[in-house]
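The values are calculated or read from the model by the stated rules, or taken from the named source; none is laboratory data. A quick note: this is a predicted structure, and the numbers were derived from the prediction, not measured. Please note: Cβ atoms are built from the backbone with ideal geometry, for glycine as well, and neighbour counts cover all protein chains shown. The protein model used for the area step is the full one, side chains on, heavy atoms only, and it has no ligands, DNA or RNA in it. Shrake-Rupley method; radii C 1.70, N 1.55, O 1.52, S 1.80 Å.
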Amino acid sequence: MALNNVTSVMGRRQSLEVFKQLSRHLSGDIREGFVDMVGRTPLIKLNGLSKATGCTIAAKAEFANGGGSVKDRAALFLIKDAIEKGKLKPGGTVVEGTAGNTGIGLAHICNAMGFKCVIYMPNTQSREKIDLLRTLGADVRPVPAVPFTDPNNYNHQAQRFADSLENAVWTNQFDNTANRRAHIETTGPEIWQQTAGKVDAVTFGTGTGGTLAGVGTYLKEKNPKIQVFLADPEGSVLYNYVKHGKLERRGEGSITEGIGQGRVTQNLKGRSEERRVGKECRSRWSPYH
């Protein structure tokens, strides 16, 4: 009945093409629990922007990860790295300082893998965010919001707490390069495969720097001509660092949450990323043609 309805409206040829495209994404595989829901997200063509620019512009649908964000990838690899290095054993505790989606990803992964999860965050965060993490089983500890240079910054408190426990790890999302590795091993290869290697440029916002550095590293190894762009708020510290060699913020700052990093993290160090605006893409690609 559904097929007949579609056919009557769209015509048989057009409907078959729709179902053909759907079959590419609905492969029939059963994912093995939450951990297997991390990655393999679709790349969605933005038709309006593509038409306006004459290029194919697509967005990686990271909301399709099990926990709803790109941070699920980092969370999985931060825990995976700790297990591989013998720092985390069954029944252990994962501790992180996070004000955003990394905490949600870690809480989900900990539930799936049988670990306890403790999250330190600034007490300026929304009640809804705290309640969500607690619903996922995390032990959430809001602390006063102070600069990173202060020993009572939420990240430093998370590290001290992890150090005080047996069989516990501070995942250290900003400076643990397992974060970057997640995108070298998953996101980058997915983009390369989904674009059939015809990608010209990728653009990111940056918090920890793991996504930008990881995807950029992988894609540039495949094709050094691929350009990597950082989109940061006005007055960006990283913009001034790249352009003028100074880690300083200019202007009034930003109300954008989660991006606008004020230091060069270990995930970003050693990565030579480009930053230009209005660059014309040199060729077109489509995942469907």
Next item on the list: Determine the principal axes of the Cα atoms in region 85-169, then give the extent along each, sorted from largest to smallest and rounded to whole angstroms.
Entry: 33, 27, 15
Check: Ranked by accessible surface with a 1.4 Å probe, highest first, in what order do ASP29, ASP232 come?
Finding: ASP29, ASP232
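Given the Cα-Cα distance of ILE83 and ASP163 and 0.36 nm per residue of separation, how much length would full extension add, in nm?
Values: separation 80, 0.36 × 80 = 28.80 nm, distance 1.62 nm.
Roughly 27.2 nm would be gained on extension.
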Checklist line | Eligible lysines near LYS246 by straight Cα distance, threshold 18 Å, same-chain separation 8 or greater | finding: LYS269
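If you take every residue apart from CYS117 with its C-beta less than 12 Å away from the C-beta of CYS117, what net charge results, scoring Lys and Arg +1 and Asp and Glu -1? Write down the numbers at each step before the final one.
Working: positive: LYS116, ARG134, ARG141; negative: GLU96, ASP139.
Summing Lys and Arg as +1 and Asp and Glu as -1 gives +1.
Once you list every other residue whose beta carbon is under 12 Å from the beta carbon of ALA178, what net charge do they have if Lys and Arg are +1 and Asp and Glu are -1?
Details: positive: ARG73, LYS80, LYS85, LYS87, ARG180, ARG181; negative: ASP81, GLU84, ASP175, GLU185.
Once positives and negatives cancel, what remains is +2.
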Next item on the list: Over region 20-144, average the accessible area per residue using a 1.4 Å probe and give it in Å², no decimals.
Entry: 49 Å²
Margin query: List the pairs from LYS89/LYS116; LYS85/LYS116; LYS222/LYS243; LYS85/LYS222; LYS80/LYS220 whose alpha-carbon separation is above 21 Å, in the order I gave them.
Written below: LYS222/LYS243; LYS85/LYS222; LYS80/LYS220
Item checked: Mean Cα-pair separation over length for region 134-193, i.e. relative contact order, pairs under 8 Å, 6 or more apart, % -> 14 percent
Notebook entry, point to check: ARG40 to ALA231: FRET efficiency via 1/(1 + (r/R0)^6), r the Cβ-Cβ distance, R0 30 Å, to the nearest 0.05?
Noted result: 0.75
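Test of understanding: what is the full-extension gain from THR149 to LYS51, defined as 0.36 nm times their sequence separation minus their Cα-Cα distance? Mind showing how you got there, number by number?
Values: separation 98, 0.36 × 98 = 35.28 nm, distance 4.66 nm.
Length gained between THR149 and LYS51: 30.6 nm.
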Next item on the list: On the full set of protein chains, 1.4 Å probe, figure out the accessible area of MET113 and give it in Å² to the nearest 10.
Entry: 80 Å²
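For LYS116, LYS45, LYS225, write out the residues from largest to smallest accessible area, computed with a 1.4 angstrom probe and no ligands counted. Let's see the in-between values first.
On the way: LYS116 115, LYS45 85, LYS225 150 Å².
Ranked list, largest accessible area first: LYS225, LYS116, LYS45.
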Item checked: Probe 1.4 Å, all protein chains present, accessible-area order of HIS156, HIS183, HIS244, largest first -> HIS244, HIS156, HIS183
